[in-house]
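A.B. asks: Handing you a structure now.
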Amino acid sequence: KDRKFKVVGAKFYSDAAKVIKRIAEINDTREKNAFDIDGAVVKINDLRQREHLGSTSKFPKWAAAYKYPPEIKETVVEDIVIQVGRTGVLTPKAVVRPVRLAGTTVTNATLHNQDFITSLGLSVGDTVKIRKAGEIIPEILEVTKHESGAEIYQIPSVCPECGATVERDADGAFLRCTGAACPAQLSRSLAHFVSRDAMDIDGLGKNIVAPLIEKGSVKTPAHLY
């Protein structure tokens, strides 16, 4: 029985120019693979040359890895929703038509703040280019087709969770809810309080905190005790 590793796309060259050309070819055709890749590796094939070149404490000197730029694809912004953080900051998030990027299906992308949305000229219904920053965080790069007659999206002037007035930070970057009793702020604040990075209360997570807030049983971290 053949127990060798299955190697896909490996080729041997003695000419550096051909190696560089092959690296580009792999990048140009990577979407046709039945698997996801983010780079290519070049290795010296002669074991005696490998031994002569040696290694550092972490990396072999006889191999080099080439990282490809992130995949960029088009999708449509189907909605923009606002999330209220535990410090009251309103963060817009784009809900996009599902698209496959870097091994996962992307359905959301961060929009940072109003200035970012304005700079893109973004509206609901627009066709956009999207990628994963650092192969992790989905982000919108640009609008490629603007929805006819649509206006650039504006973050509401009142908190979508509690209706309190929204104010811009002194540095002008973020909009923040001014409601002291905002349920969204309280929920995220308490979830952070009981989390592993804070008080590390075993068995008490956001799924338990939420109904306690809804019933009015907990209004501050002290009420948990």
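The values are calculated or read from the model by the stated rules, or taken from the named source; none is laboratory data. Treat the numbers as computed from the prediction; the structure is a model and nothing was measured. All Cβ positions, even for glycine, are placed from backbone atoms using ideal geometry, and neighbour counts span all protein chains on display. In case anyone asks, the SASA skips ligands and DNA or RNA and just uses the protein heavy atoms, side chains included. Shrake-Rupley method; radii C 1.70, N 1.55, O 1.52, S 1.80 Å.
A.B. asks: Can you give me the number of residues within the range 2-25 that are assigned to a loop (DSSP other than H, G, I, E, B), among the β-branched types (Val, Ile, Thr) and in contact (Cβ under 8 Å) with a residue 12 or more places away in the chain? Lay out the reasoning, then the answer.
C.D. replies: Taking the range 2-25 first, the residues assigned to a loop (DSSP other than H, G, I, E, B) are 2-15.
When the remaining residues are screened for being among the β-branched types (Val, Ile, Thr), the result is 7-8.
Narrowing the set further to residues that are in contact (Cβ under 8 Å) with a residue 12 or more places away in the chain leaves 8.
Residues meeting the conditions: 1.
A.B. asks: Also, I was wondering about something else. What's the number of the condition residue 126 fails, among (1) closer than 30 Å to residue 37 by Cα; (2) more than 22 Å from the chain's Cα centre (by Cα)?
C.D. replies: The number of the failed condition is (2).
A.B. asks: Please identify the pairs in which a residue from the range 80-93 that is of a type in the set (Phe, Trp, Tyr) has its Cβ atom under 8 Å from the Cβ atom of a residue that is open to solvent by less than 50 Å² (accessible area, probe 1.4 Å) and part of a strand (DSSP E or B), counting only partners at least 6 apart or on another chain.
C.D. replies: none
A.B. asks: Also, I was wondering about something else. Please determine whether any residue of the range 210-224 is outside any loop (DSSP other than H, G, I, E, B), of a type in the set (Val, Ile, Thr) and modelled with pLDDT under 85.
C.D. replies: Of the residues in the range 210-224, the ones outside any loop (DSSP other than H, G, I, E, B) are 210-214, 221-224.
From what is left, the residues that are of a type in the set (Val, Ile, Thr) are 213.
Among the residues that remain, those that are also modelled with pLDDT under 85 are: 213.
So far as the range 210-224 goes, yes, one or more of its residues are outside any loop (DSSP other than H, G, I, E, B), of a type in the set (Val, Ile, Thr) and modelled with pLDDT under 85.
A.B. asks: Got a sec? Which of 147, 139 is part of a strand (DSSP E or B), surrounded by 14 or more Cβ atoms within 10 Å (Cβ to Cβ) and of a type in the set (Asp, Glu)? Talk me through it step by step, then tell me what you get.
C.D. replies: On the way: 147 fails: part of a strand (DSSP E or B).
Going through 147, 139 in turn, the sole match is 139.
A.B. asks: For the range 200-225, which positions are under 17 Å from residue 182 (Cα atoms) and acidic (Asp, Glu)?
C.D. replies: Within the range 200-225, 214 is the sole residue that qualifies.
A.B. asks: Moving to a separate point now. May I ask you to list the residues in the range 20-73 that are among the hydroxyl-bearing types (Ser, Thr, Tyr), open to solvent by less than 80 Å² (accessible area, probe 1.4 Å) and over 23 Å from residue 141 (Cα atoms)? So that I can check it myself, show each step before the final result.
C.D. replies: Restricting attention to the range 20-73, the residues satisfying the condition of being among the hydroxyl-bearing types (Ser, Thr, Tyr) are 29, 55-57, 66, 68.
Next, from what is left, pick out any that are open to solvent by less than 80 Å² (accessible area, probe 1.4 Å): 29, 55-56, 68.
Once the filter is applied, which keeps residues that are among the hydroxyl-bearing types (Ser, Thr, Tyr), open to solvent by less than 80 Å² (accessible area, probe 1.4 Å) and over 23 Å from residue 141 (Cα atoms), the range 20-73 yields 55, 56.
A.B. asks: Does the range 150-168 hold any residues that are outside any loop (DSSP other than H, G, I, E, B), open to solvent by 60 Å² or more (accessible area, probe 1.4 Å) and β-branched (Val, Ile, Thr), and which are they?
C.D. replies: Taking the range 150-168 as the starting set, the residues that turn out to be outside any loop (DSSP other than H, G, I, E, B) are 158, 165-168.
Subsequent filtering for residues that are open to solvent by 60 Å² or more (accessible area, probe 1.4 Å) retains 158, 165, 167-168.
Result: 158, 165.
A.B. asks: What do you reckon, is residue 176 under 27 Å from residue 223 (Cα atoms), open to solvent by 30 Å² or more (accessible area, probe 1.4 Å) and assigned to a strand (DSSP E or B)? Spell out the reasoning first.
C.D. replies: Numbers: under 27 Å from residue 223 (Cα atoms): yes; open to solvent by 30 Å² or more (accessible area, probe 1.4 Å): yes; assigned to a strand (DSSP E or B): yes.
Against the criterion (under 27 Å from residue 223 (Cα atoms), open to solvent by 30 Å² or more (accessible area, probe 1.4 Å) and assigned to a strand (DSSP E or B)), residue 176 qualifies.
A.B. asks: Can you pull out every residue in the range 106-135 that is part of a helix (DSSP H, G or I) and among the small types (Gly, Ala, Ser)? Walk me through how you get there before you give the answer.
C.D. replies: Going through the range 106-135, the residues part of a helix (DSSP H, G or I) turn out to be 114-120.
Within the range 106-135, 119 is the sole residue that qualifies.
A.B. asks: Can you name the number of the only condition in (1) part of a strand (DSSP E or B); (2) in contact with a helix residue (DSSP H, G or I) (Cβ under 6 Å, 6 or more places away or on another chain) that residue 83 fails?
C.D. replies: Checking residue 83 against (1) part of a strand (DSSP E or B); (2) in contact with a helix residue (DSSP H, G or I) (Cβ under 6 Å, 6 or more places away or on another chain), the one that fails is (2).
A.B. asks: Another question, then. If I ask for residues that are open to solvent by 40 Å² or more (accessible area, probe 1.4 Å) and either outside any loop (DSSP other than H, G, I, E, B) or in contact with a His (Cβ under 9 Å, 6 or more places away or on another chain) (or both), which ones from the range 189-205 would you list? Let's see the steps before the verdict.
C.D. replies: First, pick out the residues of the range 189-205 that are open to solvent by 40 Å² or more (accessible area, probe 1.4 Å): 189, 192-193, 196-203.
Passing the criteria: 189, 192, 193, 198.
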